[in-house]
Amino acid sequence: MIKIERLHKKFGKNQVLRGIDLEIEKPGIIAVLGPNGSGKTTLIKSILGMVIPDKGSISIQESLIKKKWRYRERIQYLPQIANFPGNLRVRELIKMIKDLRQQESDDKSLISLFELEPFLDKKLTTLSGGTKQKVNIVLTFMFNAPLVILDEPTSGLDPLSLISLKKLISNERKKGKTILITSHIMQFVEEVADNVIYLLEGAIHFNGTIDELKNRTNQTSVEHAVAAITKGTNV
Amino acid sequence: MFKIFKYSFFDLMRSRWSYVYFLFYLILGFVLLFLNNDVSKAVITLMNVIIILVPLISTIFGIMYYYNSKEFTELLLAQPIRRSSIFMGQFLGVSGSLLLSLVLGLGIPFVSYGLFKSTAIFDFSLLLVVGSFLTIIFTALSFNIAISNENKIKGFGYAVLLWLFMAVIYDGLFLMSLIVFEEYPLDTFSIAATMFNPIDLSRTLILLKLDISALLGYTGAVFKGFFGTNLGLMTSLLLLILWALIPIWRLIIKSQKKDF
């Protein structure tokens, strides 16, 4: 599905990615973890072609993505901070994205799932952070693509919406999709993820299942395991 | 590209500033015609306004639009759309809405004054052509500045400086160098210097067509002597096209390499 080879990226003097090698073959949920500034978002943006790597290659479904754009039809992406054009109404934004992607979409059920009907005619600047995130989720999940990338999907969500989100994610997984998630909420990761990739200072320090992570660090919870791996003990 | 253009264009058409810009030209056109009572004279006055104002408005509009639509751009970048289509679409949207304001704002008063019966119709259309070129050139230049500068304040500063340089400082330096080096033959130098400034180029172009020797100035005279009226017109038009194409080309190249 995704194959990354020796990926390097530097922003100015700051070396963000230092030779990432990663291969994801099987469908399932993969959590990308790591402290702030470890290169999670840069990695994801490289896959999307928003950041152009200095060295290395990325292929999705056996084809290199360099200088290509059509492959993004096969990705559903949820950006970290929902930055939307403020002068648009929610309804217009959804219509616009549908028009731009020209793919089959199902926004109605998602809108009712997150109870967004009263906000449809409101401008995006007037929405609260949580509501914006719900709109963001609708925009991501209304399409049907084999690869799903979620950057901090839980931010700003209330418990009820969080349950809906988890249900959505598990539905996508049942469809046999590959789902990449970054999150700082370990409880959420423990609940949904099959595999964990741990990034530290732009390199992969751990790649395996949650149980392997716990065994390797002799910890009982993911939270402590991650803390242990960050401090460099038991690794 | 067309879809991005459509969204940018209609977004701008809903904005108040497009109307302000349109109304400004509408009022300017009517006032000039009312005061001059003559289409040809109004065209000359208008030229002086357009040559300074169009670059200023296009630069400011372009840079503001780019920075304000950053979120929109980021949203689009994750969609299956070519990068060049995103930026070209936005660029065409901005320059398109500015052109519409310019052409309608000036067209309505002149047409209602009886432009089609007057002999000045070619002069007037040349003025619109030059105004359109300046709009495209300076919008493209401002997009170039914006894409190279993440910092809004810096980008805005450079954009205003660019306009100030092209519209005011360049002519001052040019005149000064003519005085300092007056003992040398300066024909080639002054022709070259004119070509490197789209505002000077536009001015020369219009004055060549209007054939007003008093306003032609040194550059114009040299230009006319060198190329003759028709060749001079063709050369300066060609150069204006180059002036438009080079920043657009750089914008496309730069947009391919940028990280978001």
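Could you give the angle, 0 to 90 degrees to the nearest 10, between helix A:129-141's Cα long axis and the longest principal axis of the Cα atoms of chain A?
It works out to around 90 degrees.
Among the listed pairs A:LYS10/A:LYS134; A:LYS55/B:LYS258; A:LYS68/A:LYS95; A:LYS66/A:LYS132; A:LYS40/A:LYS214, which have their C-alpha atoms separated by more than 23 angstrom in this model?
Cα-Cα > 23 Å for A:LYS10/A:LYS134; A:LYS68/A:LYS95; A:LYS66/A:LYS132; rest within.
With all protein chains present, calculate the accessible area of A:THR41 using a 1.4 Å probe and round the result to the nearest 10 Å².
Rounded to the nearest 10, the figure is 40 Å².
Is there a simple number for the mean count of other chain Cβ atoms within 10 Å of the Cβ of residues in B:67-77, and what is it? Intermediate results must be reported in sequence, preceding the final value.
On the way: counts 0, 3, 2, 2, 9, 8, 2, 6, 11, 4, 9.
The shielding value for this peptide is 5.
Counting heavy atoms of the protein chains only and a 1.4 Å probe, report the per residue accessible area for the stretch B:1-56 as a whole number of Å². Before the final figure, lay out each step's value.
On the way: 3080 Å² over 56 residues.
Dividing the accessible area of the stretch B:1-56 by its residue count gives 55 Å².
Please work out the average accessible area per residue across chain A, using the 1.4 Å probe convention, and give it in Å².
Normalised by residue count, the accessible surface of chain A is 48 Å².
Take the alpha-carbon centre of the stretch A:140-195, take the same for the stretch B:53-113, and report the distance between them in whole Å.
38
Write down the radius of gyration of the protein assembly as shown and its Dmax, each obtained from C-alpha positions, in Å.
Expressed in Å, the Cα Rg and Dmax of the protein assembly as shown come to 28.6, 92.
If you take the C-alpha gyration tensor of the stretch A:113-235, multiply each eigenvalue by 5 and take the square root, what semi-axes do you get, largest first, in whole Å?
For the stretch A:113-235, the semi-axes come out at 32, 16, 13 Å.
Per DSSP H run of n ≥ 4, the term is -39500 (n - 2.57); total these for chain B, divide by its residue number, and report the mean residue ellipticity at 222 nm rounded to 500 deg cm²/dmol.
Values: 11 runs with 221 residues, N = 260.
Calculated mean residue ellipticity at 222 nm is -29500 deg cm²/dmol.
So for the stretch B:2-257, averaging the separation of alpha carbon pairs under 8 Å that are six or more residues apart and normalising by length, what relative contact order in percent results?
The normalised contact order for the stretch B:2-257 reaches 26 percent.
Under a crude label model (7 Å from the Cα following the beta-carbon direction), how far is A:ARG216 from B:LEU238 in nanometres?
My value for the distance between the label points is 6.6 nm.
Which order, highest average first, do A:183-193, A:70-80 follow once you tally other Cβ atoms within 10 Å for each residue and take the mean per peptide?
Values: A:183-193: 17.4, A:70-80: 19.5.
The peptides rank, most packed first, as A:70-80, A:183-193.
Would you mind pulling out the separation of the Cα centroids of the stretch B:158-186 and the stretch A:34-83, in Å?
Between the Cα centre of the stretch B:158-186 and that of the stretch A:34-83, the gap is 47 Å.
Taking all protein chains in place and a 1.4 Å probe, what share, in percent, of the accessible surface of the protein assembly as shown do carbon and sulfur account for?
The nonpolar share, carbon plus sulfur, comes to 61 percent.
With each label point set 7 Å from Cα along the Cα-Cβ vector, what nm distance links B:LEU173 and B:LYS3?
4.4
Between A:LYS13 and B:LEU104, what is the spin-label point distance in nm, taking each point 7 Å from the Cα along the Cα→C-beta axis?
5.3
Tell me the total accessible area that A and B bury against each other, 1.4 angstrom probe, in square angstrom rounded to 100.
The buried area between A and B, both sides summed, comes to about 2300 Å².
In degrees from 0 to 90, rounded to the nearest 10, what is the angle of the helix B:121-148 Cα long axis to the longest principal axis of chain B?
40
Counting pairwise Cα distances across chain B, what percent come out greater than 25 angstrom?
48
Based on the alpha-carbon set only, what is the convex hull volume of the stretch B:108-260 divided per residue, in Å³?
Dividing the Cα hull volume of the stretch B:108-260 by its residues yields 149 Å³.
Taking each residue in A:96-104, count the Cβ atoms of any other chain within 10 Å of its Cβ, then average. What number comes out?
Mean number of neighbouring Cβ atoms from other chains: 3.
Apply 1/(1 + (r/R0)^6) to the Cβ-Cβ distance of A:LYS174 and A:GLU223, taking R0 = 25 Å, and write down the FRET efficiency to the nearest 0.05. Let's see the in-between values first.
Values: r = 27 Å, r/R0 = 1.08.
For R0 = 25 Å, the calculated efficiency reads 0.40.
Could you report the accessible area of B:LEU237 in Å², rounded to 10, computed with a 1.4 Å probe on the protein chains as they sit in the structure?
50
Give, in whole angstrom and from largest to smallest, the semi-axes √(5λ) of the equivalent ellipsoid of the stretch A:1-134, with λ running over the eigenvalues of the Cα gyration tensor.
Taking √(5λ) for each eigenvalue gives 32, 18, 14 Å, largest first.
Provide, in order from the shortest bin, the percent of all Cα-Cα pairs of chain A in each 10 Å bin, continuing until the bin that contains the maximum pair distance.
Here the calculated profile for chain A is 7, 31, 35, 22, 5, 0.
Using a 10 Å cut-off on Cβ to Cβ distances, tally the other chain neighbours for every residue of B:250-258 and report the average as a whole number.
For peptide B:250-258, the averaged partner shielding equals 1.
The values are calculated or read from the model by the stated rules, or taken from the named source; none is laboratory data. This structure is a prediction, so every number in the text was calculated from the model and none was measured. Neighbour counts run over all protein chains shown; Cβ positions are idealised from the backbone, glycine included. Please note that ligands, DNA and RNA were not included when accessible areas were found on the heavy atoms of the full protein model with its side chains. Shrake-Rupley method; radii C 1.70, N 1.55, O 1.52, S 1.80 Å.
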